[in-house]
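The values are calculated or read from the model by the stated rules, or taken from the named source; none is laboratory data. Everything numeric in this text was worked out from a predicted model, so none of it was measured. Because the Cβ atoms are built from the backbone with ideal geometry, glycine has one as well, and the counts that use them run over all protein chains shown.
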């Protein structure tokens with residue numbers, strides 16, 4: 001069986017490695033184009049591309065999978081099955097119709113909840129305690145295809161998007177491994193999604209990263225960990241971006257103040273008043289600086305008690 005694997009970030013790597021370790025025939029890998037990374041903007045291959053090159057697998061990197069030239073290039077590999085995991089582009093019907101055994105996707109949520117591009121981050125931001133992986137057939141809609149199998153994964157109180165990505169990537173590879181013998185036999189009967197239960201997880205925007213200190217301590221805590229290790233949450237100090245990478249909840253504020261007020265600076269970090277209590281900022285990043293423990297910042301900063309963060 002000729003398999004084409006489509007994926008881009010580290011989330012997809014365990015699924016690709018599993019297929020290779022199990023001896024499945026990967027005839028090609030499709031991934032996003034190389035992008036500039038870091039301050040020096042070095043052109044960097046995707047994690048999936050790196051694995052493919054390790055194994056001598058042909059790599060396709062179309063700017064747009066919808067282009068007829070890209071579809072024709074893919075069709076030349078005569079795929080019997082296409083497996084995708086966080087590829088990053090919506091596939092056109094011309095691609096979905098190529099493999100006789102269908103196109104299957106390893107999606108990071110318990111569909112029909114959290115359809116879209118940021119299900120893992122949104123689950124944490126929304127304070128969910130459980131998510132999972134759905135193995136599904138791909139359709140023309142956004143994560144609307146029939147469901148083949150699911151596995152649940154707990155979200156711990158201290159999980160960040162980064163730790164949850166790792167958990168779900170491993171769970172996704174395991175679920176795919178379990179189902180591959182069935183998928184190899186042809187297209188399966190699968191469960192239609194209940195549209196009335198559908199929720200959406202759109203890609204994050206700049207406004208999703210800005211802390212609203214009028215919100216509850218729990219909501220801000222969830223927002224911060226939901227944005228780690230990617231963009232990070234931020235507030236404004238002296239009109240400049242002040243990022244927050246880690247925090248701890250407090251049961252009550254040490255004193256009353258307007259939300260956003262710095263209540264104290266201590267070895268524990270920076271205590272900031274929220275809408276209902278307070279939050280200790282424990283890892284931060286002032287504008288133009290590297291990330292640091294808040295305790296280090298406290299020892300040599302100009303921030304004072306009574307400062308109002310915006």
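Within the set 177, 167, the sole residue that is under 17 Å from the mean Cα position of the chain (by Cα), under 30 Å from residue 80 (Cα atoms) and not in a strand (DSSP E or B) turns out to be 167.
List the strands (runs of 3 or more DSSP E) inside segment 85-162, counting only whole elements, that have at least 1 residues being more than 19 Å from the chain's Cα centre (by Cα) and crowded, with 21+ Cβ neighbours inside 10 Å. Result: 103-107, 147-154.
Filtering segment 11-26 to residues that are surrounded by 17 or more Cβ atoms within 10 Å (Cβ to Cβ) and over 21 Å from residue 99 (Cβ atoms) leaves 11, 13, 14.
Please indicate, with yes or no, whether at least one residue in segment 199-209 is under 24 Å from the mean Cα position of the chain (by Cα), more than 30 Å from residue 104 (Cβ to Cβ) and without any contact (Cβ under 8 Å) to a residue 12 or more places away in the chain. Yes - at least one qualifying residue is present in segment 199-209. All told, residue 104 falls short of being over 25 Å from residue 168 (Cα atoms) and assigned by TED's automatic domain parsing to the domain that holds residue 165.
Within segment 32-43, does at least one residue satisfy the condition of being more than 23 Å from residue 175 (Cβ to Cβ), buried (at least 21 other Cβ atoms within 10 Å of the Cβ) and out of contact with any helix residue (DSSP H, G or I) (no Cβ under 8 Å at 6 or more places or on another chain)? Within segment 32-43 (the criterion being more than 23 Å from residue 175 (Cβ to Cβ), buried (at least 21 other Cβ atoms within 10 Å of the Cβ) and out of contact with any helix residue (DSSP H, G or I) (no Cβ under 8 Å at 6 or more places or on another chain)), the answer is yes, since at least one residue qualifies. Against the test of being in contact (Cβ under 8 Å) with a residue 24 or more places away in the chain, within 21 Å of the chain's Cα centre (by Cα) and either under 24 Å from residue 98 (Cα atoms) or in the same structural domain as residue 97 (by TED's automatic domain parsing) (or both), the options 29, 71 yield a single qualifying residue, 29. Tallying residues that are under 20 Å from residue 239 (Cβ atoms) and at pLDDT below 90 within segment 258-286 yields 0.
Could you list all residues from segment 47-74 that are surrounded by 12 or more Cβ atoms within 10 Å (Cβ to Cβ) and either part of a loop (DSSP other than H, G, I, E, B) or out of contact with any helix residue (DSSP H, G or I) (no Cβ under 8 Å at 6 or more places or on another chain) (or both)? Residues satisfying the conditions are 49, 50, 53, 57, 58, 61, 62, 65, 66, 67, 70, 73. The requirement of being in contact with a helix residue (DSSP H, G or I) (Cβ under 6 Å, 6 or more places away or on another chain), closer than 17 Å to residue 159 by Cβ and not in a loop (DSSP other than H, G, I, E, B) is fulfilled somewhere in segment 201-224, by at least one residue. With assigned to a strand (DSSP E or B), under 21 Å from residue 229 (Cα atoms), under 25 Å from the mean Cα position of the chain (by Cα) and assigned by TED's automatic domain parsing to the domain that holds residue 178 as the only criterion, which of 36, 14 stands out? The unique qualifying residue is 36. Restricting the search to strands (runs of 3 or more DSSP E) fully inside segment 241-310 and requiring at least 1 residues that are within 17 Å of residue 224 (Cα to Cα) gives 269-273, 278-286.
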